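Read-outs: derived from the displayed coordinates by stated rules, not from any lab. Keep in mind the model is a prediction, meaning the values are calculated, not measured. Note: ideal-geometry Cβ built from the backbone for every residue, glycine included; neighbour counts use all protein chains shown.
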Amino acid sequence: MAQIIRMTKHGAPSVLRLETVEIGRPGPGEVRLVQDAIGVNYVDTMVRDGRFALPLPLVPGFEGAGVVAEVDESVDDFAVGDRVGYFFSAGGYASERLISASDLIALPDDISTEQAAMFLAAGLTAWMGLHVLHPLRRGEIVLVQGASGSVGTVISRWAKALGATVIGVAGSATKLAKVTAGADHGFHATDPQLLDKMRAIAPKGVDVVYDMVGKAVAAQTVAAVRDGGKIVAIGGASGPPGFDQEALAQRRVTVVGGGTPQHVHAGTVGGASAALFAAIQGGLFADIPAARYKLGEAPRVHEDIAARRVEGLPILLP
């Protein structure tokens, strides 16, 4: 028997209910995965409250890691006992689950399942931003909007390691220490002198904005980017940015975006995950802690995300 978090309606964190179920045996192309850790991402809160609508009832969560416990005879790539993770497969909030083998990523011996559950989604999203949507060049000046969030903390450190000058912006002054830990310069979005401070660093504007926030900082993003620069729209926690495309075109500012599964797929996931694992192994994200919750505490972690109380990258432990 497995424990799962199921929701039968959209709403507040209280709609997340712990249940015990029989998950059955794997079907064609599937494995049964016993999970050690489950990643919790902002999109999970959007699924819960209906902003990202999926058919109900459902088990939320898209990211996790653990050990293969049973394999359908049609699966050749994985065997019982393999340590694996995944970054985009619905149904993650569970102690055990059935999952398509094609969604799995084999873990190196020195990458723990906790690390995989923490970093696969955020790390591969950061890789997409830094290597696909805007291949970052050494010496560029980067603005990271939402630099205290999961993707923002990873992308700030990675961009800095790649030789960029990183300006990190958080939603409030209380997150400044978290931002400056990963960026060259840290500010908060409500600072009335923010644009002047950024212009002191990048007089012509920043080369690229990595934006995880969207609507709430859209005007700031447009004002910060240089003519001929680029805005990389990843996510949009406050809603779609609603940029004036004609005005941006006159300034030759390019806006690019897309979901991680669109750019990290069968053809790229091997190289992307290898680059992420190398960054983890090199200690690039060693100062980012895990925020651990029990599986049954799923409602509490959603409450903490909404209240911005989470320090580190949140994971559920069955």
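For the pair Ser100 and Lys197, label points projected 7 Å from Cα toward Cβ lie 4.5 nm apart.
Give the range of the longest stretch in the chain that excludes all trypsin sites (Lys or Arg not before Pro) found in loop regions by DSSP and having at most 15 other beta-carbon atoms within 10 Å. Counting only loop sites that pass the neighbour cut-off, the longest clear stretch is 52-136.
Applying 1/(1 + (r/R0)^6) with r as the Cβ-Cβ distance of Ala12 and Arg292 and R0 = 30 angstrom yields a FRET efficiency of 0.85. For segment 124-260, the Kirkwood estimate of the hydrodynamic radius, built from every pair of different alpha carbons, is 14.3 Å. Secondary-structure-derived ellipticity at 222 nm for the chain, considering helices only, amounts to -7500 deg cm²/dmol, per-run term -39500 (n - 2.57) for DSSP H runs with n ≥ 4.
The simple spin-label model puts a point 7 Å past each Cα toward its Cβ; for Asp110 and Asp77 those points are separated by 2.5 nm.
In loop segments of segment 8-64 as defined by DSSP, the chymotrypsin sites (Phe, Trp or Tyr not before Pro) with at most 14 further C-beta atoms inside 10 Å of their C-beta are Phe52. Here are labelled values, (i) 21; (ii) 17; (iii) 25, and one is the computed percent of Cα pairs over 35 Å apart for what I pasted. Which one? Checked against the structure: label (i).
Averaging the sequence gap over all C-alpha pairs within less than 8 Å and six or more residues apart, then dividing by the number of residues, gives the chain a relative contact order of 17 percent. Pairs of lysines in segment 124-260 whose Cα atoms sit within less than 21 Å of one another amount to 11, provided the residues are eight or more positions apart or on different chains.
The three principal axes of the C-alpha atoms in segment 1-143 carry coordinate ranges of 54, 40, 23 Å, sorted with the longest axis first. Note on the chain: GNM, Cα springs under 10 Å; of Gly257, Gly129, Gly239, the largest mean-square fluctuation is that of Gly239.
Exposed loop sites here mean GluC sites (Glu not before Pro) with a DSSP loop assignment and at most 16 other beta-carbon atoms within 10 Å; the chain contains its longest site-free run at 74-310.
Based on C-alpha pairs under 8 angstrom that are at least 6 apart in sequence, segment 124-260 has a relative contact order of 22 percent.
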